[in-house]
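The values are calculated or read from the model by the stated rules, or taken from the named source; none is laboratory data. These numbers were taken from a predicted model, which means no experiment stands behind them. Using ideal geometry, Cβ is built from the backbone for each residue, glycine included, and neighbour counts are taken over all protein chains shown.
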Amino acid sequence: MDPDLTIVLLGKTGVGKSASGNTILGQAAFESKSSLQPVTTRIFEVTGQVFWKQISVIDTPGILGSEELIKTYCQELQQSYRPHLFLVVFSIRWFSEENQKAVEAAVRVLGPQSFRKSYLLFTGVNTLNDRPLDDCIREGDGGPLQNAVERFERRYHQFNNQSAGREQVRELLEKSGHLRSLQQLSSPGTRFTYTVFSDSQ
């Protein structure tokens, strides 16, 4: 049975894609640790119950080194009937010019039409010491942070992956327009299932 929603996490290595997947699922389903080396080297799918619905989360390798593999997978997903949401993940702790390359890679991977429906997801907001993210964006006038936000036409959300609270996940689904459609479904959801995609798939 297809999931009620598939969420794909894109971004460069070390920005918190795996940790964000764990936040969405509410469980340590993906290996996650602070490292300059990639923890995720293949496309990895975990399906679990989120707000009583079946949601699949797709963790991908760093987009700058695996663009063709990720592009093939995303194109297959776009051609299916599975409802999906693409999240391009960035860490607020080290936002640099390299992230601009990741944004452009996401455009190439998704194509212009799907990119216009994708969201920028900021991680590491727990390091801001309660400072609003919007303030950081405004103060970065003309810099890579604000440029990325404008590239996404201000479609962005933030996660504190150190928090077990579910409200930030609910807000993401509501903001992206998926919460209501999930609530209208009657399928009960399932426990976790795992799928690993190799380069040949």
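Summary table below
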item	result
Pairs where the first residue, in region 134-154, is at pLDDT 80 or above and the second is of a type outside the set (D, E, K, R) and in a loop (DSSP other than H, G, I, E, B), C-beta under 6 Å, 6+ apart	Leu145/Phe95; Gln146/Gly140
Pick from region 172-186, criterion surrounded by 13 or more Cβ atoms within 10 Å (Cβ to Cβ) and not in a helix (DSSP H, G or I), ranking: modelled with the lowest pLDDT	Leu185
Wholly within region 41-139, helices (runs of 4 or more DSSP H) carrying at least 2 residues that are under 21 Å from Asn22 (Cβ atoms)	67-79
Within region 15-48, considering residues that are in contact with a Pro (Cβ under 8 Å, 6 or more places away or on another chain) and at pLDDT below 90, the one surrounded by the most Cβ atoms within 10 Å (Cβ to Cβ)	Thr40
Region 132-159, residues that are basic (Lys, Arg) and loosely packed, with under 12 Cβ neighbours inside 10 Å	Arg154
Test for Val169: is it surrounded by 18 or more Cβ atoms within 10 Å (Cβ to Cβ), over 17 Å from Lys12 (Cβ atoms) and touching a helix residue (DSSP H, G or I) at 6+ places or on another chain (Cβ under 9 Å)	yes
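For every residue, the table says whether it meets (1) among the charged types (D, E, K, R); (2) surrounded by fewer than 19 Cβ atoms within 10 Å (Cβ to Cβ).
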residue	(1), (2)
Ser56	no, no
Asp59	yes, no
Ser80	no, yes
Pro83	no, yes
Leu87	no, no
Leu121	no, no
